[in-house]
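In what follows, a structure is listed as structure tokens, so that the remarks can point back to it.
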Amino acid sequence: MALRIGVLALQGAFAEHVVMLGRLGVDPVEVRLPPQLSGLDALIIPGGESTSISLLMSEYGFLAPVENMAKSGFPVWGTCAGLIVLSRLTPGSYPHTMQVMDIEVKRNAFGRQVDSFETDLHIPGLGPDAFHGIFIRAPRISKVGAAVDVLCKLPDGEPVAARQGKLLCCSFHPELGNDTRFHRYFVDMVTTST
Ligand code: GLN
């Protein structure tokens, strides 16, 4: 039976993740209400606007169930705004986040929309070929806890992708473009026991 991976479809770039998962033979599920969480093998929280995603998660009753699932080893991948929702924000920042990943992030810390950028990334877990990273008003990961493995850094040493057990995050958008390797990495993470 195909894996069932949910993509939180409240706001943001969920449709692109659905297409990527479909290309990998996964059964993607657009998740709009909490009962749709049952029967899933994993969940993706997409990029978009973390204030909207977090508010809608709260309104629709997603925060507690997703937080509990993430804390009990259920695989969750947050991309860009999704990373923000999984992490801890620098003190005094908005919105409320789940804080399930032991990283601290600063929103929009690369600058304004005009400072969005694309760059080739070296991600050892994806093989030797560069992965094209698209950063759109991306957050910066300013602190990384001891239980977190950094999977990718910018040339200046700044972390842009990380993993903590079955929780995965990246500050760029692997769902934009044609390269399915990051999605394959997540699918492999979901299917392996370690
Ligand atoms: N700037 C957005 C935020 O802080 C994230 C942008 C994105 O997901 N591309 O929520």
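Quick look at the values:
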quantity: Checklist (1) in contact with an Asp or Glu (Cβ under 9 Å, 6 or more places away or on another chain); (2) crowded, with 16+ Cβ neighbours inside 10 Å applied to residue 95, failing item; calculated: (1)
quantity: Count of residues meeting criterion [more than 16 Å from the ligand (Cβ to nearest atom), in a loop (DSSP other than H, G, I, E, B) and within 18 Å of residue 44 (Cβ to Cβ)] in segment 132-176; calculated: 2
quantity: Residue match in segment 136-146 (condition: open to solvent by less than 50 Å² (accessible area, probe 1.4 Å) and modelled with pLDDT under 95); calculated: no
quantity: Residue among 100, 85, 114 that alone is surrounded by fewer than 18 Cβ atoms within 10 Å (Cβ to Cβ), among the hydrophobic types (A, V, I, L, M, F, W, C) and not in a strand (DSSP E or B); calculated: 114
quantity: Flag if residue 107 is of a type in the set (Lys, Arg) and over 17 Å from residue 160 (Cβ atoms); calculated: no
quantity: Qualifying residue in segment 51-65 (condition: small (Gly, Ala, Ser), crowded, with 24+ Cβ neighbours inside 10 Å and either within 18 Å of residue 5 (Cβ to Cβ) or within 16 Å of the ligand (Cβ to nearest atom) (or both)); calculated: no
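The values are calculated or read from the model by the stated rules, or taken from the named source; none is laboratory data. The shown structure was predicted, so the numbers you read here are calculated from the model rather than taken from an experiment. Using ideal geometry, Cβ is built from the backbone for each residue, glycine included, and neighbour counts are taken over all protein chains shown. Remember, those area values only see protein heavy atoms, side chains included, never the ligands or the DNA or RNA. Shrake-Rupley method; radii C 1.70, N 1.55, O 1.52, S 1.80 Å.
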